[in-house]
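Data block below; observations after.
Please treat every number below as a calculation from the coordinates, not as lab data. Bear in mind the structure is a predicted one, so any value in this text is a computation, not a measurement. Every residue, glycine as well, gets a Cβ built from its backbone with ideal geometry; the counts of neighbours run over all protein chains shown.
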Amino acid sequence: MTAIDLSDDTADWADWARRLRRDDHAALRAAFDRAYAPLVRFADSLVRDPGLAADFAQEAFVRLWEHRATIDPAQSLRAWLFRTVRNLALNHHRDGRTRDRLLDDVTIDDSAAVPRAFVAPDAAVEAAELLDRVHAGIAALPPRQREALELSRFQGLSHAEIAEVMACAPRTVNNHLVRALESLRHYLAPVGSFVTTLLGVLS
Amino acid sequence: MTTPHTDLPAPLREALDAHDAADELTQLWHALGTAAPSPRRAVDHDAAWARVAARTSAPRVARSRHLSLVQGGVVRRVVPWALAAALLIGVGVTASPARRTWSAAAGASEAVTLGDGSRVQLSAGTTMTSTRDFRGWFGRENATRTVQLDGEAFFTVAKDGRPFIVRTPDAEITVLGTRFDVRAYAADRTGTTVIVEEGRVRVSAMRPVAPVELTAGLRTAVRGSTVRTDTVAVARLLAWRSGGLALVDQPMSLVFAELSRRYGVSLDMAQSASSAERLTLYYPQLPKLETVLADVTTSHGLRFERHSRGYRILSPTAVPPRGAKTDE
């Protein structure tokens with residue numbers, strides 16, 4: 001269950017971008033097979049609605065096909081897909097709050113409530129429960145931090161790609177990530193050996 | 001305890017190195033990856049792709065992206081005429097019978113249900129066209145249900161009072177409701193073969209020859225004005241329908257053409273390897289292509305070679321074939 005190292009598939013994406021420009025439908029399929037599940041997860045982390053998340057991810061591929069003539073092979077196609085899903089989530093009319101949450105300014109992030117610490121688990125705590133804790137910690141992060149963490153750690157996007165998806169500077173991505181880790185550390189701090197425990201349980 | 005930091009993005013590592021809790025944060029980063037706490041719900045991948053595929057279709061004709069014939073003053077003179085023409089064409093398009101095309105790519109087989117409820121299974125590398133819902137000008141129902149076929153297909157025709165006609169370059173196959181196979185790959189230049197599994201079929205050659213009535217278990221082959229009919233083992237000959245392969249007494253070149261279609265792989269034959277020999281192959285299930293190639297080549301004193309796009313069939317020349325199977 002290690003994070004996917006996506007650096008070696010950059011060549012695949014560049015190849016699909018070129019083929020899509022030549023109306024190669026098989027390239028759409030290849031990109032779909034690679035990115036659909038990650039896009040659904042990302043969309044779900046934004047809208048908290050698996051059905052909607054699937055709709056947005058599918059819509060992104062339909063749009064990719066419609067706009068294939070204008071694809072710039074020099075740009076990251078993967079970032080384009082994530083950005084499209086993000087825009088769809090932002091523009092979703094049924095949940096105006098999503099937009100507010102995602103457009104929260106960085107400065108607001110800092111004042112966001114630090115999640116309350118949880119009770120220290122004893123050594124017998126099960127892995128699943130630990131994962132729930134981690135999950136809860138991430139869910140409690142300010143939206144932009146959580147988004148940066150999601151894209152970087154779990155979807156394997158590069159800083160430059162995340163900056164493109166989140167429409168901000170790469171340095172800002174870094175700040176979000178460092179702050180996210182700090183918040184999580186505070187959240188998990190009362191469990192002195194939490195990280196060690198987590199690693200021990202999982203490895 | 002040491003933690004592998006290899007997957008830490010470089011800019012983040014720099015930022016963390018300047019941090020007093022750098023070690024802990026790096027460990028946390030690593031732990032997150034191990035935990036992968038991103039929610040992993042079951043994702044219905046295939047159904048999702050089906051929906052995307054239905055909304056994105058592979059283009060049949062290359063699209064012209066730039067239409068830049070008109071410039072400046074010409075536009076003003078051209079536009080009204082273009083509009084008038086477009087209007088006329090528009091009327092024509094809505095009133096004229098819309099055509100539909102179904103195809104199975106090389107290496108694939110497709111199941112099609114037509115507007116009248118008839119079902120058609122297309123073999124690899126086959127194209128079939130008809131008017132949409134068998135309707136003609138101004139949406140009027142045609143007197144016959146006619147499809148054009150290039151390739152091989154198995155038809156299960158629904159009865160609806162109108163005759164169902166399959167047209168190939170050589171023949172016209174007319175039925176009312178029945179199950180039969182038509183094989184007519186234009187590229188093969190081998191004419192049209194019809195095999196009947198159930199019911200009654202009339203085959204009329206395009207050349208002036210008396211039509212042939214076929215019943216279950218009979219096969220007819222039309223080539224030019226030659227029409228030959230014989231009794232066949234239908235299930236065996238139609239092995240392609242269940243993913244198998246049957247070629248009976250076929251010339252070498254046709255065998256490779258069929259293999260190329262079924263596997264979606266380019267196969268070419270060196271001049272020196274061509275021969276007039278005929279062969280018969282039967283596999284209830286499609287084996288690996290190299291297995292088939294080995295069977296075919298070894299039995300005929302040939303060899304094959306893999307190259308970047310597919311395979312090449314060669315005759316064993318003076319140079320001993322490197323890597324070719326010689327022990328079978």
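Kindly state, to the nearest 0.05, the FRET efficiency for B:D230 paired with A:T10, given R0 = 51 Å and r defined as their beta-carbon distance.
Numbers: r = 59 Å, r/R0 = 1.16.
Result of the calculation: an efficiency of 0.30.
Run the dipole for region B:99-237 about the Cα centre, Lys and Arg Cβ at +1, Asp and Glu Cβ at -1, nothing else charged, and hand back the magnitude in debye, nearest 20. Please report the intermediate quantities before stating the final value.
Values: 20 positive and 15 negative charges, 52 e Å.
With Lys and Arg at +1 and Asp and Glu at -1, about 260 debye.
How would you rank B:286-299, B:186-199, highest first, on the average number of other Cβ atoms within 10 Å across their residues? Show your work: numbers first, answer last.
Details: B:286-299: 15.9, B:186-199: 18.4.
Highest-to-lowest ranking by the protection proxy: B:186-199, B:286-299.
If I model a spin label as a point 7 Å beyond the Cα along the Cα-Cβ vector, how far apart are those points for B:E141 and B:H45 in nm?
4.5
How well do other chains shield peptide A:174-185, expressed as the mean number of their Cβ atoms within 10 Å of each residue Cβ? If you can, show how the numbers build up before the last one.
Working: counts 6, 1, 0, 7, 7, 0, 4, 12, 5, 0, 5, 5.
Whole-number average of other-chain Cβ neighbours for A:174-185 is 4.
Karplus couplings for region A:34-49 from phi (6.51 cos²θ - 1.76 cosθ + 1.60, θ = phi - 60°), rounded to Hz, Gly and Pro as x?
Ordered by residue, 3J(HN,Hα) equals 7, 10, 4, 4, x, 5, 4, 4, 5, 4, 5, 5, 8, 9, 6, 7 Hz.
Calculate the mean, over all residues of peptide B:22-28, of how many other protein chain Cβ atoms lie within 10 angstrom of the residue's Cβ.
Details: counts 1, 0, 7, 8, 2, 7, 11.
Average per residue, whole number: 5.
To the nearest whole number, what is the average tally of beta carbon atoms from other chains within 10 Å of the beta carbons of peptide A:40-51? The partial results should precede the final answer.
Working: counts 6, 5, 1, 0, 4, 2, 0, 0, 1, 0, 4, 0.
The per-residue average across the peptide is 2.
Rank by packing, highest mean first: peptides B:172-182, B:47-57, with packing defined as the count of other Cβ atoms within 10 Å averaged across residues. Mind dumping the intermediate values first?
On the way: B:172-182: 20.8, B:47-57: 14.5.
In descending order of packing, they fall as B:172-182, B:47-57.
Report the gain in length on full extension from B:A54 to B:S242: 0.36 nm times residue separation, minus Cα-Cα distance, nm rounded to one decimal. Provide the component values of the computation, followed by the final result.
Numbers: separation 188, 0.36 × 188 = 67.68 nm, distance 2.56 nm.
Between B:A54 and B:S242, full extension yields 65.1 nm more.
If each of B:E198 and A:D33 carries a label point 7 Å out from its Cα toward its Cβ, how far apart are those two points in nm?
3.6
May I ask you to compute the full-extension gain from B:T298 to B:S272, defined as 0.36 nm times their residue separation minus their alpha-carbon distance, rounded to one decimal in nm? Intermediate values should be presented prior to the final figure.
On the way: separation 26, 0.36 × 26 = 9.36 nm, distance 1.57 nm.
My answer for the length gained is 7.8 nm.
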